[in-house]
1. Among the residues of segment 47-57, is there at least one that is outside any helix (DSSP H, G or I), modelled with pLDDT under 95 and exposed (fewer than 10 other Cβ atoms within 10 Å of the Cβ)?
2. Tell me which residues, restricted to segment 16-45, are surrounded by fewer than 11 Cβ atoms within 10 Å (Cβ to Cβ), under 21 Å from residue 57 (Cβ atoms) and touching a strand residue (DSSP E or B) at 6+ places or on another chain (Cβ under 9 Å).
């Protein structure tokens, strides 16, 4: 039931506005990339307006994601450092445990030989 409600909410919140925006802004718009010649531009694109809108939204999401990823770099580094430290402690504990077990075995063997 929750899954169906999520899909209905997705359709209402995302799909309907996207389709409406696309239908309402389907006229062609010229994007001029030449700052010197407005009348006869060397570089221009002529696409429907909604494509420019979606492209700018997509580029904004990508740039925001990259910025967020870069900003969280110190936390990822801290996590890597702590994981390395935990491995070192675990290895030390295992080594000490093996040494203790070996010394207990030698004590038991020497005690059984004395008896």
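1. Quick first cut of segment 47-57, residues outside any helix (DSSP H, G or I) only: 47-48.
Okay, now just the ones that are also modelled with pLDDT under 95, so 47-48.
Now narrow it down to the ones that are exposed (fewer than 10 other Cβ atoms within 10 Å of the Cβ): none.
No; the residues of segment 47-57 include none that is outside any helix (DSSP H, G or I), modelled with pLDDT under 95 and exposed (fewer than 10 other Cβ atoms within 10 Å of the Cβ).
2. 27, 28, 30, 33
The values are calculated or read from the model by the stated rules, or taken from the named source; none is laboratory data. This one's a predicted model, so the numbers in the text were calculated from it and none came from an experiment. Cβ coordinates were reconstructed from backbone atoms using ideal geometry, including for glycine residues, and neighbour counts include every protein chain displayed.
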